[in-house]
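First comes the structure, then the notes that go with it.
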Amino acid sequence: MKTIPLLLLFTLPVIAFGQDSLPISRPVFLYGLAGYDIPKGFGFTIGGAVPFHSVVKIKTGAQRTEVVFSELGEYRYPFANTSILFNAGLGIEYMRSSRHFTELSFSQGLLRTIYDGKVYELAQDGSIKERKLFGRNYLISQVSWSLNYRIYK
């Protein structure tokens, strides 16, 4: 019975975040994400988010910020395929205090896979030719909800 939680732990991706802010008049959140999907593949994603509308309730101090973001990434699954992705979306951040905020976001994008190895096509005349960069295109949708709590002062 103890092996089931252990197997679930090994199937979850391992993720590391990094962020930076540019010295411009509007706050921009830039991030890089490196991931390893045990035991399948690895990759990275880079992106940025810009807030475009913010509402603060004076009585409670709660703040709601709407952000627009985009991401570009690449993932590699050895002996299977390489994936390139781009997506863009909207998010809403709810900040109740300086130490806690919640975020809900929705995004749409494109994913292109390129198969490893050689792929051949049989032409109408019976000849065989190699297909370069053969793969598939996918429409991707993402829904994300996060609870964030600052642990330092």
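The values are calculated or read from the model by the stated rules, or taken from the named source; none is laboratory data. All values derive from a computational prediction rather than experimental measurement. Cβ placement follows ideal geometry from the backbone for every residue including glycine, while neighbour counts extend to all protein chains displayed. Calculation scope for accessible area: heavy atoms of the full protein, side chains included, ligands and nucleic acids excluded. Shrake-Rupley method; radii C 1.70, N 1.55, O 1.52, S 1.80 Å.
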Candidates Glu74, Glu103 - the one that is among the charged types (D, E, K, R), touching a residue at least 40 places away in the same chain (Cβ under 8 Å) and touching a strand residue (DSSP E or B) at 6+ places or on another chain (Cβ under 6 Å): Glu103
Quick check, is Lys59 surrounded by fewer than 15 Cβ atoms within 10 Å (Cβ to Cβ), assigned to a loop (DSSP other than H, G, I, E, B) and either free of Cβ contacts under 8 Å to residues at least 40 places away in the same chain or under 25 Å from the mean Cα position of the chain (by Cα) (or both)? yes
How many residues does the range 114-153 hold that are surrounded by 10 or more Cβ atoms within 10 Å (Cβ to Cβ), in contact (Cβ under 8 Å) with a residue 40 or more places away in the chain and more than 18 Å from Leu85 (Cβ to Cβ)? 3
One residue is enough: does the range 116-132 have a residue meeting the conditions over 30 Å from Ala62 (Cβ atoms), modelled with pLDDT of 90 or more and within 24 Å of the chain's Cα centre (by Cα)? no
Which residue is farthest from Leu133 (Cα to Cα), if the candidates are limited to the range 62-79 and must be of a type in the set (Phe, Trp, Tyr) and assigned to a strand (DSSP E or B)? Phe69
Kindly establish whether Glu103 is within 19 Å of the chain's Cα centre (by Cα), open to solvent by less than 90 Å² (accessible area, probe 1.4 Å) and closer than 27 Å to Glu74 by Cβ. yes
Residues of the range 65-100 classified as among the polar types (S, T, N, Q), within 14 Å of the chain's Cα centre (by Cα) and open to solvent by 40 Å² or more (accessible area, probe 1.4 Å), total: 1
